[in-house]
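The values are calculated or read from the model by the stated rules, or taken from the named source; none is laboratory data. Keep in mind it's a predicted model, so treat the numbers as computed, not measured. No Cβ is skipped: glycine too gets one built from the backbone with ideal geometry, and neighbour counts run over all protein chains shown. Calculation scope for accessible area: heavy atoms of the full protein, side chains included, ligands and nucleic acids excluded. Shrake-Rupley method; radii C 1.70, N 1.55, O 1.52, S 1.80 Å.
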Amino acid sequence: MGVKGLQSFMERCCPEACVTVNLREMARRHAAQTQQDPTLVVDGMACLCHWYSCEDWVCGGQWKEYVDVLKSWVDAFTSAGIQLVFFFDGVVEQRKRQEWIKRRRRVNGDVSKIFRHIKEHGEKPHKELFCLPSALATFTPFALRFLGQPVFCSVREADYEIASYARQYGSMGILGQDSDFIIYDSVPYFSVAKLRINSLTTVMYDRERLCRTIGLPVTLLPLLACLLGNDVVSEEQMQSIRNNAMATYRKNCSASRPCAPQGQMVVALTQLLRSLSTREEEDAGSVLQSLNLTASQRDLVQQGIFSYLLPGQNDFKLFDGSETPSAFEKHINPEILKACRQKHVAAEGFMVYNVVCAGVTECSNSLEDEEDTELLPQAVVYKPCRQHIYGLLLLGQDGVFTTWIYLIYLSGSGYIRMEWSRKLVVHLAYFIANTSDVPAVKEWFVYPGNPLKEPDMVHPVTVNLPCGRPCLEQLWFGNGPEVFALRLATFFSIFDCSEYTELYGAIENSLLAALCLVTYIVQQVEALSEEDVDAYLSQALCLKLYSPQQLQNIELPALSSRAVQLGSLFVRGLSHLLGANTASGGPLPSDALMPWHSFDGRLFHSKYLLAHSGKENSELLDNNMSCISLFLQMKEKLLETCKKRGRILQTRPRATQQHLKATATVFSLSAGERGRGRGVTSGGHRGRWGWRERGEDRRDRSGSDRPCDRAGNQDFRSFYPNYQNAQHQDMSWRPRLSRGPSRHPRRRYHLAPRWPQPPAP
């Protein structure tokens, strides 16, 4: 949340309440006074835009460099003896949904401007249009955990949990950028925007000095915040109160303290509240009753005030803030619910908690070009796999039916005692009653054409394996090699890549995950070409050859708007891999699904330009023979898998923007020696791994009866009735089928000139 204009008021009109402090010195004093190690609670969401200082953000993120930035940032505090505890938003509370929607719509406008700028100029937009890379908030908690830092994901408003934790454990302060921390009666609040990491100096916003300056009791700060407007009580809902306060202020008061208009509003409301308070210690409840509010407005303000009360501070009970029971509680085993919450709080899972415990999931803005008539939005592309994730979580307990029926059969045969038979019948009746009416999951996904007026209602789809429907309890709590095999099979089945279970251990987990993801994208997006696949796979393979500094030094002659969207699509896909892995019981280590092991936006963009300019595979793979061999094997498996499902990959080189030269050269750095030998085509070295073929009928892979195209892909319009963009209504375009060898044979090119390799950082 955030109080409209309060922090700027303090900076402009109450400079005495904005104190420059040295965190290193404060940590020493805190340790001496408390005899405890100083701890700083960090609002991770507020820090994202300050952490991501990498030069390139539009191509999908420079993830290796970003992890290095995080490590340096953490080291600066630990070297000063300050322990860090990170919190991230884990949910969007229903009362804040409209504010969330407003922000998403506002960012949509910026995304449109970004793509217009790229298409007009072929370069990254100016800083005013800066947009964080897709899924940065998803993967940052994992990066911090891998760096050994304690990380928590909230189960309610993150600001509330941060203030509660800091107060409970006596932390030295909160580091963030949210004026709500001025309102909470917790610990000192420090600004991350004013932080100078080298000297560890920043600004502390002192609530006590603020209240002394404006003459307002500290107990009335929550009420002041609601009247100014926050994420619970909007500005519009309190407009009449503010208008009356301003009219009185202008009539009776001279401008003793020069302030901006918003600053005058703070002073006017402060004077109004003081006039309604007869005693300095009077609480907000009594003053609230004196305000000229309707019953509905009063209830809303009560909710806003209650949101600022931390545990043990409920001196006046204005509002019952307890959350309503989950809509899916009756469908899920209590042990599963408990495990979901534990994984979520510890930032060890993704998507699962929101689906199981709230029946809601959301996805913020992605870099998607609303004018692109071929590439589908990521929300549409990944919906089939989400449906399978939902089915596994909400229908996965049906898998115990076979066990129960078998045991009942044994009881009838005299193998089990009669009292056990009665218990089994009761359990069976429970499962039947509670799995027959599973409701749809509410999806709040931002994509072009979606007005976000209401959520998309998405129904779970059963995950079926040759052995039947997997049981969620067995996946999560079972042990043994057969359970691990079941987890692996379930994970790949979610992406309709069941053949890939046999590849586990044959290639690195991060490459296996990338292969699974690219194969899934090919099946879902008919506009994806062979050149796009080459770019995806080559950058995943070559990433290990580059240091963060080398990745940063890759030169791009110009940007392609299509490559920008494809980069964002891949990273969003990694987050879906993470959700599927969590739901399947974790067959793959989560580290293997992180983007810094399989994606770099700048590297991908360079590979995209190379692939679409007809460069040979040898140049695409930086002349690294190991990468070339593995690339051919991975691509062969991908083509084979897609062919079984009726998807034939086309070669379709695309021209870049008009201002690019036809023979644009992409400079890239490699850790290996380059040669000028003949490129290796995709037809060589077949079957080197000895993978088996598995026939599979072409079908609707989601198990749904929704309309499909000829490749077995469901029509996205039936997925998302909100998808209104007229430019996407004509889906009649189909890539031309290949006729034997590629229509665009890879010609032999001389290698572009390259500068000497810079030293590793």
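Here are the numbers for this structure:
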| read-out | value |
| --- | --- |
| Residue under evaluation Arg279, criteria (1) surrounded by fewer than 17 Cβ atoms within 10 Å (Cβ to Cβ); (2) at pLDDT 85 or above, criterion not met | (2) |
| Condition broken by Ala284, with the remaining ones in (1) modelled with pLDDT of 90 or more; (2) buried (at least 18 other Cβ atoms within 10 Å of the Cβ); (3) out of contact with any Cys (no Cβ under 7 Å at 6 or more places or on another chain) satisfied | (1) |
| Every residue from segment 623-641 that is touching a residue at least 24 places away in the same chain (Cβ under 8 Å), surrounded by fewer than 24 Cβ atoms within 10 Å (Cβ to Cβ), polar (S, T, N, Q) and part of a helix (DSSP H, G or I) | Ser629, Gln633 |
| Members of segment 201-244 found to be part of a loop (DSSP other than H, G, I, E, B), touching an Asp or Glu at 6+ places or on another chain (Cβ under 9 Å) and of a type outside the set (D, E, K, R), listed by number | Pro217, Gly229, Asn230, Val232, Ser234 |
| Whichever residue in segment 327-365 is surrounded by fewer than 16 Cβ atoms within 10 Å (Cβ to Cβ) and farther than 23 Å from Phe146 by Cβ and, among such residues, is modelled with the lowest pLDDT | Ala327 |
| Pair list, Cβ under 6 Å, 6 or more apart: segment 119-134 residue within 20 Å of Asn365 (Cα to Cα), other residue open to solvent by 60 Å² or more (accessible area, probe 1.4 Å) | Leu129/Lys113 |
| Failed condition for Leu503, given (1) modelled with pLDDT of 95 or more; (2) closer than 29 Å to Ile118 by Cβ | (2) |
| Within segment 1-115, helices (runs of 4 or more DSSP H) holding 1 or more residues that are among the β-branched types (Val, Ile, Thr) | 23-34, 63-78 |
| Subset of segment 16-39 (residues that are charged (D, E, K, R), open to solvent by less than 100 Å² (accessible area, probe 1.4 Å) and in contact (Cβ under 8 Å) with a residue 40 or more places away in the chain) | Glu16, Arg24 |
| Residue match in segment 503-520 (condition: open to solvent by 40 Å² or more (accessible area, probe 1.4 Å), in a helix (DSSP H, G or I) and more than 24 Å from Phe604 (Cα to Cα)) | no |
| Residues within segment 196-213 that are open to solvent by 20 Å² or more (accessible area, probe 1.4 Å) and in contact with a helix residue (DSSP H, G or I) (Cβ under 9 Å, 6 or more places away or on another chain), tallied | 12 |
| Filter pass, Ser256 being open to solvent by 10 Å² or more (accessible area, probe 1.4 Å) and either at pLDDT below 85 or at positive phi (or both) | yes |
| Among the residues listed as Ala193, Ala143, Ala135, Ala163, the single one being within 30 Å of Leu224 (Cα to Cα) and open to solvent by less than 20 Å² (accessible area, probe 1.4 Å) | Ala163 |
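Listed here are the residues, each with its yes/no results for (1) of a type outside the set (D, E, K, R); (2) in contact with a Cys (Cβ under 7 Å, 6 or more places away or on another chain); (3) on the phi > 0 side of the Ramachandran plot; (4) open to solvent by 10 Å² or more (accessible area, probe 1.4 Å).
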residue	(1), (2), (3), (4)
Ser547	yes, no, no, yes
Gln552	yes, no, no, yes
Leu556	yes, no, no, yes
Ser568	yes, no, no, no
Ser575	yes, no, no, no
Met594	yes, no, no, no
Asp600	no, no, no, no
Leu609	yes, no, no, yes
